[in-house]
1. I'd like the full set of residues that are part of a helix (DSSP H, G or I) and either in contact with a Ser or Thr (Cβ under 9 Å, 6 or more places away or on another chain) or not aromatic (Phe, Trp, Tyr) (or both), limited to the range 246-270.
2. Out of the residues in the range 259-294 meeting the condition of being of a type in the set (D, E, K, R), touching a helix residue (DSSP H, G or I) at 6+ places or on another chain (Cβ under 8 Å) and more than 23 Å from THR330 (Cβ to Cβ), tell me which one is surrounded by the most Cβ atoms within 10 Å (Cβ to Cβ).
3. So, in the range 416-438, of the ones that are charged (D, E, K, R) and surrounded by 14 or more Cβ atoms within 10 Å (Cβ to Cβ), which residue ends up nearest to ILE399 (Cα to Cα)?
4. Given (1) assigned to a helix (DSSP H, G or I); (2) under 35 Å from the mean Cα position of the chain (by Cα); (3) surrounded by fewer than 16 Cβ atoms within 10 Å (Cβ to Cβ), identify the lone condition not met by ASN552.
5. Hey, does the range 329-340 have a residue that's among the hydrophobic types (A, V, I, L, M, F, W, C) and farther than 22 Å from PHE404 by Cα?
6. State all residues of the range 183-195 that are crowded, with 21+ Cβ neighbours inside 10 Å and not in a strand (DSSP E or B); if no residue qualifies, say none.
7. Evaluate the range 171-178: report whether one residue or more is surrounded by 18 or more Cβ atoms within 10 Å (Cβ to Cβ), β-branched (Val, Ile, Thr), modelled with pLDDT of 95 or more and not in a loop (DSSP other than H, G, I, E, B).
8. What do you reckon, is LEU158 in contact with a strand residue (DSSP E or B) (Cβ under 6 Å, 6 or more places away or on another chain) and either over 30 Å from ALA346 (Cα atoms) or of a type in the set (A, V, I, L, M, F, W, C) (or both)?
Amino acid sequence: MEKFGKSQSVSRTEDHRFLTGKGQYVDDIAPDGALFAFVFRSPVAHGDITELDVADARASAGVKAVITAEDLRAAGIVAGMDAAVLENQDGTKAAAPRRPLLAEDRVRFLGEAVAVVIAETLAQASDAAELIGFDYQELDTHLALQEGGPLIHEEAPLNRAFDWCAGDQLATSKAFDKAAHHIRLSIADNRIIACSLEPRGCFAEWKDGRLHLCVNGQGVWGTKSRLAKILNLPDAEIRVTNPDVGGGFGMKAMDYPETFICAHAARQLGRPVRWMSERSEAMVSDNSGRDLVSIGELAFDVDHKIIGYWVSTLCNLGAYNSQYAQPIQTELFAKVLTGPYDIPTAFLSVKGIYTNTTQVDAFRGAGRPEAIYVLERVMDRAARALKIDGWELRRKNFIAPDAFPYQTVTGALYDVGDFSNVLTSAEQAADRRGFSVRKSNSQAKGRLRGLGLCYYIESILGDPSETAKVLFQSDGTVEILVGTQSNGQGHETAFAQFLADQTGIPAHLIKVIQGDSDRIAKGGGTGGSRSATAQNNATLAAVTTMIEAFSNYLADKSGVEPHEITFDDEQFRVAGSNLTPTMLELAKMARMDGHDDLLSHQATAKLNAQSFPNGAHVAEVEVDPDTGQVELISYVVVDDFGHMLNPMLVEGQVHGGVTQGVGQALCEHVVYDPDGQLLTGSLMDYALPRARDVPFFQFKTQPLPSTANVLGIKGCGEAGTVGALAAVANAVQDALWDQGVTQADMPFTPLRIWTLLNTHDLAAE
């Protein structure tokens with residue numbers, strides 16, 4: 001059996017279903033006769049509830065229930081939302097204020113769920129919500145990303161959720177004391193909204209005494225566990241499914257109150273209940289991404305080698321701890337704190353701040369784009385301050401190829417890398433030599449041109465264990481049950497392709513089954529770029545068991561020893577015989593012989609270590625100084641993803657990730673007014689990138705197979721975003737530098753750029 005797949009760019013089989021309108025999304029498959037839920041949300045960002053009168057709403061036509069926090073308490077539902085909690089620098093636990101499913105006595109952000117109306121139709125539910133009597137004593141808001149201000153939670157004095165650190169503070173201080181050069185830069189990473197094509201939604205139904213919750217999430221097993229806890233149900237009475245999901249990007253990886261409310265309502269009313277978010281609702285209730293300010297400091301010796309790195313960060317958590325919020329800008333940020341550089345000592349200090357805004361949690365990359373953004377902005381600034389070439393400064397400080405495996409100062413173990421080789425490839429692909437001519441041509445037109453580089457590395461995250469189950473069906477097809485969950489990445493194609501490659505079973509006969517807690521007992525879902533590596537590692541283990549089982553069966557049937565049976569990825573062969581059955585043929589024979597045990601094979605496998613994709617992003621921009629408009633002229637990516645199972649799918653993931661990074665860099669930005677009202681609450685006000693905002697990407701690879709897994713894979717799902725932020729930002733900064741603008745923060749909107757050019761506002765200096 002070959003160790004690796006054949007790396008073919010197979011077209012996505014699921015696309016035919018999606019493009020012909022046959023996708024099975026949660027709102028498409030809700031049960032007939034399901035009741036509709038409508039969420040009544042807080043119209044203010046901070047206030048004490050003085051009145052919540054739902055009598056008229058309950059009496060409204062078609063209404064079956066109006067659920068409040070009081071109703072939940074009466075039903076014995078008292079648990080709040082789950083959230084991971086850190087340990088502070090001093091060893092105490094970080095703040096963990098209770099986040100109720102529905103607001104209790106106080107609302108803390110615009111859009112917080114206060115009550116849920118359940119009615120026969122959505123219109124009836126919406127109309128009834130208009131009848132809810134809601135009054136409040138408005139309180140001052142805390143919106144600034146700083147300690148202090150009006151108190152949001154008694155458990156968090158100064159609105160500080162945590163004070164966390166990683167690295168060696170003393171050693172890093174000593175490094176700075178003896179440094180020949182000290183570079184310091186303040187860097188803002190703006191808040192964004194995920195804006196998945198399909199908003200959040202779910203339906204719940206009770207059948208035969210069991211709860212079935214269907215939710216468009218990124219995995220089913222965590223949700224199942226939390227349903228059991230919140231609704232006081234045994235695990236055996238719960239089934240959770242994920243249907244087709246129209247994008248998640250980390251935002252759908254965590255649970256939200258609506259999930260549990262719909263499940264409770266369905267149990268209470270004895271009828272299915274469905275809920276689907278509207279876009280405006282999503283803008284105020286979906287967890288946001290990013291939103292942090294960091295000060296990055298680099299210490300260099302006389303030879304321009306980095307001897308120390310210090311990062312101090314304030315990160316916005318919103319009004320409550322979301323499910324994974326506290327670890328994002330701390331533990332996950334630290335995974336790649338020092339990037340691809342050989343930095344002997346570093347220290348990361350992070351304070352989490354509560355504000356009267358929507359919660360902030362994982363968004364594509366979850367901490368790693370933020371970390372690389374800080375580091376690569378500071379590296380760019382260092383090159384200018386030291387008056388040396390930024391590309392050569394990076395080369396000088398890269399971890400050498402012979403230094404791998406390399407353990408960083410924060411404990412990450414990089415398996416392999418050849419960063420200089422990747423950078424050289426990017427330099428050639430971007431035609432760096434020709435940039436000066438292109439810059440002169442832009443100047444002749446009255447335009448400013450800039451070239452930006454980011455060298456990133458990211459860490460693959462998530463559960464290292466995964467399970468695969470292969471079932472041979474009587475009609476000659478094969479099902480593979482997986483523990484991951486596709487949100488549009490092409491898993492159905494990739495997983496079928498890999499199983500086909502390892503077994504010889506035609507891919508069109510393989511059906512990928514995902515997102516069903518009844519059919520597979522445990523899985524890690526999607527997130528952290530883990531899916532291809534973890535799932536195919538489990539599939540490989542399952543294939544190994546299949547080959548062994550079928551070999552033993554064929555040996556017994558042929559009257560030979562098992563070692564006389566071989567398999568070449570397509571056919572079994574019996575020594576001294578012309579028998580060459582395929583795996584499908586053997587499954588058919590086994591079925592006829594009554595060997596049903598050979599029709600089902602399952603294996604769980606655990607990755608030995610994490611892999612670390614890396615690469616160089618080169619952005620080239622042109623700025624119109626009269627209007628402030630930034631045009632992204634070209635974009636080159638050279639990645640090291642190790643072995644790629646399907647290069648076309650990989651490139652698609654890179655395109656999507658880069659575009660989301662470009663969106664944040666050029667146009668996306670969440671804005672609240674002083675009262676906490678969202679000013680960017682629609683797609684008329686919140687600017688997503690369009691096709692015209694990005695050029696055709698140049699995508700190349702310089703693969704160095706990972707040694708952390710037998711497949712040699714390095715995940716690719718988030719890498720595009722990890723590299724894009726700093727590449728675009730450094731390009732814009734390069735274009736503006738000669739105009740006296742020495743600091744520019746995202747998003748680089750026309751107004752911001754025009755203002756910088758015309759006021760020389762040196763923000764964040």
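The values are calculated or read from the model by the stated rules, or taken from the named source; none is laboratory data. Since the model is a prediction, treat every value here as computed from it, not as a measurement. Methodologically, a virtual Cβ is constructed for each residue, glycine included, from the backbone with ideal geometry; neighbour enumeration extends over all protein chains shown.
1. Of everything in the range 246-270, those that are part of a helix (DSSP H, G or I) and either in contact with a Ser or Thr (Cβ under 9 Å, 6 or more places away or on another chain) or not aromatic (Phe, Trp, Tyr) (or both) turn out to be PRO257, GLU258, THR259, ILE261, CYS262, ALA263, HIS264, ALA265, ALA266, ARG267, GLN268, LEU269.
2. ARG274
3. By that ranking, first place goes to ASP418.
4. (2)
5. No, the conditions are met nowhere in the range 329-340.
6. Result: ARG191, ALA194.
7. Yes: the range 171-178 contains one or more residues that are surrounded by 18 or more Cβ atoms within 10 Å (Cβ to Cβ), β-branched (Val, Ile, Thr), modelled with pLDDT of 95 or more and not in a loop (DSSP other than H, G, I, E, B).
8. So LEU158 does not fit the description; no.
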